[in-house]
Structures are given as structure tokens and as C-alpha cells.
1. If you roll a 1.4 angstrom probe over the protein chains with everything in place, what fraction of the accessible area of the chain belongs to carbon and sulfur, to the nearest %?
2. Relative contact order of the stretch 1-96: what whole-number percent is it, with Cα pairs under 8 angstrom and at least 6 residues apart?
3. Give the residue from Val32, Ile78, Gly65 lying farthest towards the positive end of the charge dipole for the stretch 23-80; charges sit on Cβ (+1 for Lys and Arg, -1 for Asp and Glu) and the dipole is referred to the Cα centre.
4. For the chain, with only Lys/Arg (+1) and Asp/Glu (-1) charged at the beta-carbon, what is the dipole magnitude about the Cα centre, in debye rounded to 20?
5. Keeping all protein chains in place, calculate the accessible area per residue for the stretch 31-110 (probe 1.4 angstrom), answer in Å².
6. I'd like the distance separating the alpha-carbon centroids of the stretch 1-79 and the stretch 117-173, in whole Å.
7. On full extension of the chain, what length is gained from Thr87 through Leu3, given 0.36 nm per residue of separation minus the C-alpha to C-alpha distance?
8. Looking at the square roots a ≥ b ≥ c of the eigenvalues of the Cα gyration tensor of the chain, which shape do they give, rounded for a/c under 1.5, prolate if a/b is larger than b/c, or oblate?
Amino acid sequence: MGLLHLYCGDGKGKTTAAIGLAIRGAGAGMRVHIVQFLKGRETAELAILAGIPQITVSRCEKDYGFTWSMTSEEKEAITLEHNRLLTEAVQLETSGEVQMLILDEFVSVYRQGLLDRALAEHLILQKPPALELVLTGRNPDEKWIRAADYVSEIRAVKHPYQKGIGARYGIEY
């Protein structure tokens, strides 16, 4: 029986937790697919995930930066990419090719309307019973909290960014 996981909150570690679960699932023989919304630049986890045959990753073809600095044209372009990624995820979900599907930063792109919400809702709310489905992101819609079987809120108590220390390769990305 597959369940719905939600890693949310303003703290560091949502993606890290989801990738840890992906590795655990792969270690148990599960086929895992990770969809990374909003992410297009090189990140350290890609190097190690590429060496695990049971895990595949789809992501944006380019880095658009943070949503608050995107132009309306960039938001339109990234929405098209997100819908492509979402369509691929639906195909994997319905084909039964994967036992675990991770939608990284889903909560954020859903909230901001940067994907086809109806298709996203269908993918999540009509998931096959055996599929383990993982969502990550900040400020989840109440419907995702209600639908989830696991909800883990990762809260920022203290973060180096507050002292002016930027994101570090291998730690934050």
C-alpha cells in the first residue's frame, strides 16, 4: 500500500528528506522517480543519484532563479516546463513503472499557479493505491495536508542565511 508524504515548512531539509526516502526505497528494490520543479541548475545530489540505477530524475531544462525575481515571460516559460514534467509524472504513475514518485517543490509551484492545477490534483488525489507519493515545498494548501498520510513540517529556528552566509554547494544545493 502506497501512502502520501508531505515535507513542508520554512526550514532547510525538505528536499534532503525526500531524497533520503528515495535512497531508502531504492535500497529496498523500488523504482523511484524524482521530479524537481523550479530547479534547473546543477546540484550536488544529482551526481550521486545518477549512480543509482533505480532512481531517475526529471527537472527544468534551465535555471530560472527564484520566482520573486522572474519576469512574467519567465513564469510563462517555467509553467510550460512544469506542465511537461507533470505530464511525464502522470505517464509514469499510470504505467506502473515506478513505485515511488517524488514531486520536489510541488507545493510552491502549485500555490503560485506555475503548473496545471487540475492535472496536478488528478495525479495526487487519484494516485494508484500502490504508489508511494512524496510532495515537498513551503506553505502547503490545506487540501494537501488533509490528503497526506505523513505530514512533516520542517521549521527554521536558525539558518546561516540570517547571518549573510549564502547557499553552499553540497549543503544547500
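The values are calculated or read from the model by the stated rules, or taken from the named source; none is laboratory data. Since this is a predicted model, take the numbers as computed values, not measurements. Cβ: placed from backbone, ideal geometry, glycine included. Neighbour counts: every protein chain shown. The accessibility values were calculated without ligands, DNA or RNA, using every heavy atom of the protein model including side chains. Shrake-Rupley method; radii C 1.70, N 1.55, O 1.52, S 1.80 Å.
1. The C+S portion of the solvent-accessible surface of the chain is 53 percent.
2. 23 percent
3. Val32
4. So the magnitude is around 560 debye.
5. 47 Å²
6. If we compute the Cα centre of each part, the gap is 10 Å.
7. Between Thr87 and Leu3, full extension yields an extra 28.2 nm.
8. Because its axes are fairly even, with a/c under 1.5, the chain counts as rounded.
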